[in-house]
Amino acid sequence: MTTSKGSPVQIDPHEKPLSAPLKLSFDYTRSVGPLLSQFFTALRERRIIGVRGSDGRVLVPPAEYDPVTYEPLTEVVPVAGVGTVVSWTWQQFLLEGQPLDRPFAWALIKLDGADTPMLHAVAADSADAVGTGVRVHAHWVDEPVGAITDIAYFALGDQAEPEGPPVDLDPVAIQVAPSSIEIQHTASLPESTFLRALEEGKLLGARTDGTGKVYFPPKEADPATGLELDEYVELSDKGTVTTFAIINIPFPGQRIKPPYVAAYVLLDGADIPFLHLVTEIDPADVRMGMRVQAVWKPREEWGLGIDNIDYFRPTGEPDADYDSYKHHL
């Protein structure tokens, strides 16, 4: 691999692509509204409620709007914690986050007093113990908080567990639902080349046969022509701020206290800007055209990621002329 700035870089096409597990997770927070607030508040007291629709059916879990007339529904109806399995499937192989730590059944359960079934887990020693028509009852967690997971699972039998006493707390108004997915991500050849270069402290862009735009990070093909980006170019770690935003609102996972600046930086020699942090300057003084340079983490902290660059800081050079970056906004 050559190291001169702005020159083509030789890549071994036989090098295997990178592959690693990728886990995406976040907490989804929502307000539940007046009807579902009653549903979740009842769960906190080990009770289950539904809502009556215009056709007389009791819907569990309660629907906020009538499936027939689409009007808001308000008539709350208590139902039993006992019901009948309508359909089911056996979960032999467990996944992270499931309600039981042993094989179990997922089942649609029509509770006594309800006209629609609800989905939940049924604990059973084997698949032979579960079937359509089997009677089950809700088994509650020790300390309900006002969520569907207050029902730990449904157990076999139609002997209902006792309801809890009323709780002197505000109604449940907010639900926080953790969401996550984990996949094995295999990078493309351009992505693998880009990441391996970062591990060596180099910034690689790519273009088509010495012509066309230099894309950073590299893509599989030039979006304008569809031609393969087959020539890699090592770029400078200096660039120009094209556009930016001042972040003033805190959110989970922030590693910098607001206010701070997230800016699109057009590296010298590139035609596509990329997003990164700009610090060591008052956010109010950041501007389009400002010249910046990467501040790298210590060498021993480098890995396969763009976060090897901790942030960008002003170089003190005169601002770039608008004409030099106006086509890259």
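The figures follow:
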read-out: Flag for residue 203 being touching a Ser or Thr at 6+ places or on another chain (Cβ under 8 Å), at pLDDT 95 or above, within 23 Å of residue 274 (Cβ to Cβ) and open to solvent by less than 40 Å² (accessible area, probe 1.4 Å); value: yes
read-out: Qualifying residue in the stretch 235-244 (condition: assigned to a loop (DSSP other than H, G, I, E, B), polar (S, T, N, Q) and within 14 Å of residue 292 (Cβ to Cβ)); value: yes
read-out: Residue ID - modelled with the lowest pLDDT, chosen from residues in the stretch 234-259 that are open to solvent by 60 Å² or more (accessible area, probe 1.4 Å) and among the hydrophobic types (A, V, I, L, M, F, W, C); value: 251
read-out: Which numbered condition residue 198 fails, given (1) out of contact with any Lys or Arg (no Cβ under 7 Å at 6 or more places or on another chain); (2) in a strand (DSSP E or B); (3) open to solvent by less than 10 Å² (accessible area, probe 1.4 Å); value: (2)
read-out: Single match in 310, 319 (criterion: of a type in the set (D, E, K, R), farther than 26 Å from residue 18 by Cβ and at pLDDT 95 or above); value: 319
read-out: Some residue of the stretch 239-257 being under 30 Å from residue 211 (Cα atoms) and aliphatic (A, V, I, L, M); value: yes
read-out: Residue within the stretch 171-186 that is open to solvent by 30 Å² or more (accessible area, probe 1.4 Å), free of Cβ contacts under 8 Å to residues at least 60 places away in the same chain and at negative phi present; value: no
read-out: Enumeration of residues in the stretch 206-217 that are among the β-branched types (Val, Ile, Thr) and surrounded by 19 or more Cβ atoms within 10 Å (Cβ to Cβ); value: 208, 214
read-out: Pair list, Cβ < 6 Å and 6+ apart or interchain, from the stretch 65-94 residues that are closer than 19 Å to residue 113 by Cβ to residues that are modelled with pLDDT under 95 and open to solvent by 60 Å² or more (accessible area, probe 1.4 Å); value: 82/158
read-out: Hey, residue 18 among the hydrophobic types (A, V, I, L, M, F, W, C), at pLDDT below 95 and either on the phi > 0 side of the Ramachandran plot or surrounded by fewer than 15 Cβ atoms within 10 Å (Cβ to Cβ) (or both) or not; value: no
read-out: Residue selected from the stretch 206-220 under the condition assigned to a strand (DSSP E or B) and in contact (Cβ under 8 Å) with a residue 12 or more places away in the chain, by the criterion nearest to residue 279 (Cα to Cα); value: 215
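The values are calculated or read from the model by the stated rules, or taken from the named source; none is laboratory data. What you are looking at is a predicted structure, and each value in this text was computed from that prediction instead of being measured. Heads up, the Cβs are rebuilt from the backbone with ideal geometry, glycines too, and the neighbour counts pull from every protein chain shown. The accessibility values were calculated without ligands, DNA or RNA, using every heavy atom of the protein model including side chains. Shrake-Rupley method; radii C 1.70, N 1.55, O 1.52, S 1.80 Å.
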